[in-house]
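For reference, the structure I am asking about is given below.
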Amino acid sequence: MKTDPASVHAEPFFLQTSLGQRFCLFHQPHPGRKCQGTILYIHPFGDEMNKTRRMAAVQARAFAATGWGVLQMDLFGCGDSSGEFRDARWGIWKQDLVYARLWLENRLTVPVSLWGLRLGALLALDFAQDEANAIDRIILWQPVISGEIFLSQFLRLRMAGELFSPVPEEKSTGTAMLRKQLERGETLEIAGYELAPELAKAVDGLKAAELAVGKSVVHWFETIPGPGRSMTPAGAKITEKWKQKGVDLHIHLIPCQPFWATQEISECAELISATTSVFALAA
């Protein structure tokens, strides 16, 4: 029996934590389907979160239509949750996931899986490593593989913005100078986000190669420019290391444009279809 994802409705609420409230959307498993499990969605960093809201919502509804409960949470300092982005810390975000997991376990007594997008994928892996109770499955959508490279790319947004600055003397000279400012304890404003040095340091030290999770089934969805193309050499190197460490890893290459970075909000139907198919209930 096929269920129309459009018939699945999300329940908005605020989840209380020790540091204020987190805005959440819970997509209840369709009542006409057997509940397969629950999935905690972990959104990407900065403006990538806004760019990908539509894709996340479409996928969450598709999951719910096939029998999964999906919880979307705005992390501390993000979206409609409490706190300012400048006060966000990696450890606070991991604690947010603890609250979210407990809420899911109290709502439905079924296994909990994680679904992370971009930097959210690294947060999912880091969180799963610390959890005493194994995560059922981990879904990685286009995971960032190097926090250092990701941070440098984010810092370049500041440099791009300075091209239009009317005060040349206040311009930085490159990412090296911006990194020195962070090392001195300065908070930087980048593309409308105030980046604290503590958060920058945590992101800078993240390496996907070191975040192998051996106690969960991991599905890595990587976008490629077109059919027949292979994974990037850097990604392939990491996946090989994970397999050598015994990770139950499944790679899915999906032709798709980088919807998290396109100028206009975009979708990738192929990614939605492939992800849903992997997790749909057997007929």
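The values are calculated or read from the model by the stated rules, or taken from the named source; none is laboratory data. The shown structure was predicted, so the numbers you read here are calculated from the model rather than taken from an experiment. Cβ sites come from the backbone with ideal geometry, for glycine too, and all protein chains shown count toward neighbours.
What's the total number of residues in segment 237-283 that are of a type in the set (A, V, I, L, M, F, W, C), surrounded by 13 or more Cβ atoms within 10 Å (Cβ to Cβ) and more than 24 Å from Arg54 (Cα to Cα)?
Total meeting the criteria: 4.
Could you tell me whether segment 211-224 includes any residue that is within 30 Å of Glu186 (Cβ to Cβ) and surrounded by 14 or more Cβ atoms within 10 Å (Cβ to Cβ)?
yes
If you don't mind, another one. Look at segment 176-235 and say how many of its residues are of a type in the set (S, T, N, Q), outside any strand (DSSP E or B) and assigned by TED's automatic domain parsing to the domain that holds Leu249.
Residues flagged as of a type in the set (S, T, N, Q), outside any strand (DSSP E or B) and assigned by TED's automatic domain parsing to the domain that holds Leu249 within segment 176-235 amount to 3.
Among the listed residues Gly185, Gly214, Gly174, identify the single one that is at positive phi and modelled with pLDDT under 95.
Gly174
Continuing with this model, one more query. Does Gly161 satisfy the condition of being farther than 14 Å from Ala121 by Cα and either at pLDDT 95 or above or outside any strand (DSSP E or B) (or both)?
yes
Exactly one condition in (1) buried (at least 22 other Cβ atoms within 10 Å of the Cβ); (2) modelled with pLDDT of 95 or more; (3) not in a helix (DSSP H, G or I) is false for Leu25; which is it?
(1)
Turning to a different aspect of this structure: With the structure loaded, tell me whether Ala10 is surrounded by 22 or more Cβ atoms within 10 Å (Cβ to Cβ) and either of a type in the set (Lys, Arg) or outside the structural domain of Ala191 (by TED's automatic domain parsing) (or both) or whether it fails that test.
Answer is no for this residue.
Another question, if that's okay. Can you name the residue in segment 30-72 that is within 19 Å of the chain's Cα centre (by Cα) and among the basic types (Lys, Arg) and, of all such residues, is nearest to Asp204 (Cα to Cα)?
Residue satisfying both the conditions and the ranking: Lys51.
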